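Please read the structure below before turning to the comments.
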């Protein structure tokens, strides 16, 4: 095999070797420039976070050490890697109603929806909360009577006087890794967004319309709480 054919084999794969060998024009068989491959490469964003940088007495399974997002076909896939496996039944603080592991997305820097999962008068810049939840026994979420463990919270309707939409999604917990799969259409199929990941617990308000009036974070990635900028997808 010629050196050219070997290059084709390494860079283009077995299916293209025949095409390289059949060409008679030496200029036609040159290796494609890297930009040609970059055009079809997955669009990703990755954040690493220090081990042990927990707040508020969090556990190792709240400690995010890596967070990433990649678009695969028509889905966005988010992966959180933690310092320890998530227990089957992690214990909530006695006062808390829900514990969450979540990537959160700011797809519109000009908007700050007011309301769920915060109180009806609280603005927050993030439009989407992608969550794995563990509830206190007997607690029912105000917008999700089924209290699903894995949900997408779409806060965009709050901008026009509507209510946030809670939609079940596919989430897999495998030891210390949590993988979230979200249909891009549910996010408005954005071409770019800012994001971070957070682990936290929260308490619901007395008025269910107020959703959660106490949010206590354990870890951020990137460390937005310490002044780090948000991550950007694609990176």
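The values are calculated or read from the model by the stated rules, or taken from the named source; none is laboratory data. Values in this document were obtained by computation on a predicted structure and should not be read as measured data. Positions of Cβ are generated from backbone atoms using ideal geometry, with glycine treated the same way; all protein chains shown enter the neighbour counts.
Side notes on the structure shown:
- Answer from 117, 103, 90 - the residue that is in the same structural domain as residue 225 (by TED's automatic domain parsing), part of a strand (DSSP E or B), within 21 Å of residue 170 (Cβ to Cβ) and touching a strand residue (DSSP E or B) at 6+ places or on another chain (Cβ under 6 Å): 103
- Test: residue 142 is surrounded by fewer than 21 Cβ atoms within 10 Å (Cβ to Cβ) and either touching a residue at least 24 places away in the same chain (Cβ under 8 Å) or at positive phi (or both): yes
- Among the residues here, residue 226 does not qualify as at pLDDT 95 or above and either surrounded by 15 or more Cβ atoms within 10 Å (Cβ to Cβ) or assigned by TED's automatic domain parsing to the domain that holds residue 71 (or both).
- Test for residue 61: is it at pLDDT 95 or above and crowded, with 18+ Cβ neighbours inside 10 Å: yes
- Put simply, of 83, 96, 111 the only residue that is touching a residue at least 40 places away in the same chain (Cβ under 8 Å), assigned by TED's automatic domain parsing to the domain that holds residue 185 and within 19 Å of residue 226 (Cβ to Cβ) is 83.
- Within segment 58-87, if we keep just the residues that are touching a helix residue (DSSP H, G or I) at 6+ places or on another chain (Cβ under 9 Å) and part of a strand (DSSP E or B), the residue that is farthest from residue 181 (Cα to Cα) turns out to be 82.
- Any strands (runs of 3 or more DSSP E) falling wholly within segment 150-222 and containing at least 2 residues that are at pLDDT below 95 and surrounded by fewer than 17 Cβ atoms within 10 Å (Cβ to Cβ): 212-221
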